[in-house]
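Here the structure is laid out as structure tokens; the discussion comes afterwards.
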Amino acid sequence: RVAYVNGQYVPHSQAAVHVEDRGYQFSDGVYEVCEVWREQIVDMTAHLDRLDRSLSELQIASPMSRAALVQVMKEVISLNRVKNGLIYMQVSRGVAPRDHYFPPAGTLPSVVMTAKSVPAGKMDKVAAQGVGVITVEENRWDRVDIKTVGLLPNVLAKQKAKEAGAREAWFVDKNGLVTEGGSTNAWIILKNSTLVTRPATHGILKGITRAGVLKLAEMKGFSVEERGFSLEEAKSAQEAFLTSASGLVMPVVKINETILGDGRPGPIVQDLRKSFHEASELIKLE
Ligand code: PMP
């Protein structure tokens, strides 16, 4: 495997950044994960737009032109022979002697990129069973709309989920409403087939897959309510699911100890999963 690190393509096993990288010391950086599907980059424009927004919210300079970034993405995919899989890219505020204040103007942002193959059908197997979620108290800062690498609450929540035999943890805010999962957006489907998901304010990451499902739902004529939902409402929902670039549309069949419906993925979520790419931008790799 090969990784891109600050202008160079290096063996993945030797890909490293400096110990004084601000991403390493302060989580002072942002990232994106994009799906590669059948040799196409899924929703690339939306991911790169969100990267630009994250960078600008943190006043980190854009490391390179979009055309150059796209070139690196394609190169990393091709060097790793990825046909189906994921691209990871991270931009930090760069390397400088440790000091909380921003480093001197002119300090170059660090850019790393990796790509890995995920066997086609691997996530479909998980989706065929459906997954369980647990709930944890929302304990993150109020700017989780910025996709920073500061993911410690998410790491702890997801580990707790794993130890409980679940795949995801849903954060529940002080009003008793579900915000999102540790690495996914959260959805329920009501008995009248209405899709419900929290509005993308500062309280959640505005998922690209979430946007894709909103578009798909419109194409398919489903009504959608963008509003918060409580744990109680979720437990009595007809179906529920998670969205993310790495898992696409992932059916939820259990919330804490409550089994949803008959404990199997429902028809609407299965349909949304199957047709997800119909609503996405697909950029061919040449
Ligand atoms: N919320 C959080 C906290 C996430 O980390 C992610 C995935 N990175 C998502 C939602 C889903 O976003 P996307 O659909 O853009 O992958």
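Among the residues of segment 80-121, which ones are aliphatic (A, V, I, L, M) and in contact with a Phe, Trp or Tyr (Cβ under 6 Å, 6 or more places away or on another chain)? Show your work before the answer.
First pass over segment 80-121, keeping only residues aliphatic (A, V, I, L, M): 82, 86-87, 89, 91, 95-96, 105, 108, 111-113, 115, 118, 120.
113 - this is the single residue of segment 80-121 that is aliphatic (A, V, I, L, M) and in contact with a Phe, Trp or Tyr (Cβ under 6 Å, 6 or more places away or on another chain).
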Members of segment 87-142 found to be in a loop (DSSP other than H, G, I, E, B), in contact with a helix residue (DSSP H, G or I) (Cβ under 8 Å, 6 or more places away or on another chain) and open to solvent by 30 Å² or more (accessible area, probe 1.4 Å), listed by number: 98, 100, 139, 140
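Taking segment 64-86 as the search range and keeping residues that are of a type in the set (D, E, K, R) and part of a loop (DSSP other than H, G, I, E, B), which one is nearest to the ligand (Cβ to nearest atom)?
83
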Odd one out for residue 61, checked against (1) in contact with a helix residue (DSSP H, G or I) (Cβ under 8 Å, 6 or more places away or on another chain); (2) closer than 18 Å to residue 244 by Cβ; (3) not in a strand (DSSP E or B): (2)
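Taking segment 4-42, which residues are in a strand (DSSP E or B) and either over 14 Å from residue 111 (Cβ atoms) or aromatic (Phe, Trp, Tyr) (or both)?
Filtering segment 4-42 down to residues in a strand (DSSP E or B) leaves 4-5, 8-11, 21, 29-37, 40-42.
Correct list: 4, 9, 11, 31, 33, 34, 35, 36, 37, 40, 41, 42.
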Residue under evaluation residue 163, criteria (1) farther than 23 Å from residue 238 by Cβ; (2) of a type outside the set (S, T, N, Q); (3) buried (at least 20 other Cβ atoms within 10 Å of the Cβ), criterion not met: (3)
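Please go through segment 75-86 and pick out each residue that is in contact (Cβ under 8 Å) with a residue 60 or more places away in the chain and open to solvent by less than 40 Å² (accessible area, probe 1.4 Å). Reasoning before the result, please.
Residues of segment 75-86 that are in contact (Cβ under 8 Å) with a residue 60 or more places away in the chain, as a first pass: 75-80, 86.
The answer is 76, 77, 80, 86.
So, in segment 14-23, exactly how many residues are open to solvent by 20 Å² or more (accessible area, probe 1.4 Å) and touching a residue at least 12 places away in the same chain (Cβ under 8 Å)?
Just the residues of segment 14-23 that are open to solvent by 20 Å² or more (accessible area, probe 1.4 Å), to begin with: 14-20.
With touching a residue at least 12 places away in the same chain (Cβ under 8 Å) added as a condition, the list becomes 15, 17-18, 20.
Residues flagged as open to solvent by 20 Å² or more (accessible area, probe 1.4 Å) and touching a residue at least 12 places away in the same chain (Cβ under 8 Å) within segment 14-23 amount to 4.
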Residue count, segment 233-286 (criterion: without any contact (Cβ under 8 Å) to a residue 40 or more places away in the chain and among the basic types (Lys, Arg)): 2
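The values are calculated or read from the model by the stated rules, or taken from the named source; none is laboratory data. A quick note: this is a predicted structure, and the numbers were derived from the prediction, not measured. Methodologically, a virtual Cβ is constructed for each residue, glycine included, from the backbone with ideal geometry; neighbour enumeration extends over all protein chains shown. Each accessible area value is taken on the protein alone, full model and side chains, heavy atoms only, with ligands, DNA and RNA left out. Shrake-Rupley method; radii C 1.70, N 1.55, O 1.52, S 1.80 Å.
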